[in-house]
Every structure is written in structure tokens, then in C-alpha cells.
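Report on one structure; see the data block that follows.
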Amino acid sequence: MAYVNNITVCGHMTADLQTQQNDRGESCFFILAVNRSKDEADFIPVRVNGNFISDKVRSQLVKDAPVLVTGHIESGSYKNKDNATRTYFYVAPDSIQPGVSGNFNSATLFGNLTADPELRSTASGTNVASFDVASNRRYKDRNGEWKDAAPSFIHVNAWEAKGDFVARYFKKGSCILLAGSVRSRRFNDKSGNARTAYDFVATNISFADYKRDGQSAPATQPAPAQPAASVMPAAQPQPGVQYDVPDQYADFATVEDDGDLPF
């Protein structure tokens, strides 16, 4: 079935384009800084095969350069050659356009919840629902044949009324349609190492369903209207407020390709 996993990011490069050779060829990596406010920014990692970038574009991917990227989110975990679990998160681009100035961070996601949402409160008493969404995608290989790619498992936070809405009406396996942005945040893991975690912050949430080939859509109860408050802009984490990072995300870090990524 078709899923949606789209993101558009416009910001400035934090450093020159980084490259690395491995047994799959050249990998290129850079980070875009997107201003969230006057004093805050999100840092979005972008990873792409070297064959995707022309020499002209490559020469423009330097520190402080403005860049517009459109693509999809890749996020999940894998076993490295030492059989240790590693996690990754990055934007896989469909297009890279140097020279485009702006601050833009917008994503759309359609998929299934992998577990029931967890509703909790921050130290300031703000409710937030956290859950993972599995989003599949397909691609054409070199022979022009459609293949199923590994699904992305994307961590989502829904704040205040939106979080209450998700916790009340969604459960494991539910289809969900989301619009929002990707947020980055720094924290120290249990060993004291600095890490970067990435969350999809949902600002618009909808019930979603699909029609299988030759079948009517699965029977569901009529969707209740969202609370009026849920159409208000989603509240964001208050400055200085800390909340626990679930253990399954304590490993999240910017991608450091040691040659064992499974793609």
C-alpha cells in the first residue's frame, strides 16, 4: 500500500559537505541549521549517495551556504558488525538546491502506530503523547522494477490537546496522517555521552484509512470530531524543561557511517 513520508527543509549548512568511501561507493553527509526562533535552531542531517550530487552542486555545499532539500525521512535501527544495535535518522533527498535562502521545516507522514501512544506530563504540567509511526515506501531499482524499501520508524510527539486526542482515539496499528516538523534536541546518555535525538512534532493530526485493491475500506466507527482546541498551534517544549528520553531512543545520534549501515 502507499504511504506518505515527505519533508522539505531550508536552512544553512553547518559545515562543508562531508564524504566517505565504503563498499557501496561514496556517501555524502551534511547538516542544515533551521532557525526555530531567535535563539533556537534545529539541526537536520542529510545523507545521500555521491552519485546523486553533480560537481556543480557539490562545489556549492559549503559552510554557511543556504540550501533547500526535499525528500523523505529515513529512521530506524540495525545491527553493526559487532552485533550492537545502532540507530539512525536522516533526510534522504529527492532534490538539493543550493542558493535558496530561508527557514523552513515541514513534513507530512502517513503510516501505522507501532504501539499504543504514551501520554505523560512535563515538569510544567503540559501533556504530550509520544508514539512511533511505521511508514513504508517503494522505489524503482536500476531495472525499473518496483521494490519495497525498509520501513522508517519515526518518533512523534503531539502536545497538549493534540496529544490528548491521539491518546484517546488511536492505538497500536491505527492509521494516522500527520503534518508537522522535525525537531532536534541534545541530551546526555546513560554513559554521559552527548547525543542528538530527533522527533516529529505533529501540528496537524487526522484519522486516515485506505482501500485495499478489490476491497472496500476496513469497517471503522465514525470518526469523532477533533476537540476545537486541537486546531490551535501545538505547544512546544518550554525552555529549560527536561523530560526522560525513552530507553529505545537513548541511542539516537547523528549518523556516523563506519561502513556498516545496511543501505
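What nm distance separates the two modelled labels at Asp39 and Lys172, each placed 7 Å from Cα along Cα→Cβ?
In this crude label model, Asp39 to Lys172 measures out at 4.2 nm.
Based only on the alpha carbon positions, what is the Kirkwood hydrodynamic radius of the stretch 1-51, in angstrom?
About 12.9 Å for the stretch 1-51.
Take the alpha carbon atoms of the stretch 1-107, find their radius of gyration, then divide it by 2.2 N^0.38 Å using N residues; give the quotient.
Normalised Rg, Cα atoms only: 1.12.
Once you charge only the Cβ atoms, +1 for Lys and Arg and -1 for Asp and Glu, what is the size of the charge dipole of the stretch 59-156 about its Cα centre, to the nearest 20 debye?
Numbers: 10 positive and 10 negative charges, 48 e Å.
Computed about the Cα centre, the dipole is about 220 debye.
With θ set to phi - 60°, apply the Karplus curve 6.51 cos²θ - 1.76 cosθ + 1.60 along the stretch 9-15 and write out the HN-Hα couplings as whole Hz, x wherever there is a Gly or Pro.
Computed from phi, the couplings for the stretch 9-15 are 10, 10, x, 10, 6, 7, 6 Hz.
What ranking do 20-29, 78-87, 160-169 get when scored by the average of other Cβ atoms within 10 Å per residue, highest first? Intermediate values should be presented prior to the final figure.
Working: 20-29: 13.6, 78-87: 11.8, 160-169: 20.7.
Listed from highest to lowest mean packing, they are 160-169, 20-29, 78-87.
Treating each Cα of the stretch 78-154 as an identical point scatterer and ignoring solvent, apply the Debye formula and state log10 I(q)/I(0) at q = 0.26 Å⁻¹.
Once normalised to I(0) and log-transformed, intensities are -1.23.
Identify, among Phe153, Thr108, Thr122, the residue whose Cα sits farthest towards the positive end of the charge dipole of the stretch 98-158, taking +1 on the Cβ of Lys and Arg and -1 on the Cβ of Asp and Glu, with the dipole about the Cα centre.
Thr108
Apply the Debye scattering formula to the stretch 124-201, with a single equal point scatterer on each alpha-carbon and no solvent, then give log10 I(q)/I(0) at q = 0.19, 0.27 Å⁻¹.
Normalising to I(0) and taking log10 leaves -0.94, -1.26.
Please report, in debye to the nearest 20, how large the charge dipole of the stretch 1-121 is about its Cα centre when each Lys and Arg carries +1 at its beta carbon and each Asp and Glu carries -1 there. Can you show the working numbers first?
On the way: 11 positive and 13 negative charges, 24 e Å.
Roughly 120 debye for the stretch 1-121.
Three principal axis extents, largest first, for the C-alpha atoms of the stretch 36-179, in Å?
50, 44, 33
We did not get these values from a lab; they are worked out from the coordinates using the rules stated. None of these values were measured; they are calculated from a predicted model. Glycine also receives a Cβ, built like all others from the backbone with ideal geometry; neighbour counts cover every protein chain displayed.
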